[in-house]
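Data block below; observations after.
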Amino acid sequence: MKGEILFEAMVKRHKLQFAYGTDVVTLEPYYLSTMSNGKKVVFGRVNNTNEIRMFEYDKIANVKVLRHSRFAPIIPIYYSMN
């Protein structure tokens with residue numbers, strides 16, 4: 001379910017807001033992948049920065065799609081579901 005929400009937000013270029021550990025993150029999702037250890041991750045640009053970060057699915061909670069907030073990627077987006 002979480003993967004579907006993240007994928008849809010990425011395809012429609014909607015920003016996400018979620019809890020990650022003790023932080024609340026607003027993210028422009030760019031890429032979904034599975035690491036060599038089998039963990040699913042999402043890569044994206046953290047709001048108001050130029051930093052692309054990786055977030056592990058299992059540490060993401062309370063995902064909210066910000067449907068009123070769209071973005072234009074600063075890097076090409078490659079759509080893939082691994």
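The values are calculated or read from the model by the stated rules, or taken from the named source; none is laboratory data. Keep in mind that this is a model prediction, so the values were computed, not measured. Cβ sites come from the backbone with ideal geometry, for glycine too, and all protein chains shown count toward neighbours.
Yes or no, residue by residue, for (1) in a strand (DSSP E or B); (2) loosely packed, with under 15 Cβ neighbours inside 10 Å; (3) more than 13 Å from the chain's Cα centre (by Cα); (4) modelled with pLDDT of 95 or more:
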{"site": "PHE7", "(1), (2), (3), (4)": "no, no, no, no"}
{"site": "PRO29", "(1), (2), (3), (4)": "yes, no, no, no"}
{"site": "ARG45", "(1), (2), (3), (4)": "yes, no, no, no"}
{"site": "ASN50", "(1), (2), (3), (4)": "no, yes, yes, no"}
{"site": "PRO76", "(1), (2), (3), (4)": "no, yes, yes, no"}
{"site": "TYR79", "(1), (2), (3), (4)": "no, yes, no, no"}
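Just checking, how many residues over segment 9-27 are surrounded by 14 or more Cβ atoms within 10 Å (Cβ to Cβ) and part of a strand (DSSP E or B)? Residues meeting the conditions: 10.
Of all residues in segment 52-74, which are at pLDDT 85 or above and of a type in the set (Val, Ile, Thr)? Don't jump to the end; show me each part of the working.
If we filter segment 52-74 for residues that are at pLDDT 85 or above, which is where we start, we get 52-66.
Result: ILE52, ILE60, VAL63, VAL65.
Number of residues in segment 33-57 that are touching a residue at least 40 places away in the same chain (Cβ under 8 Å) and within 22 Å of HIS68 (Cα to Cα): the value is 0.
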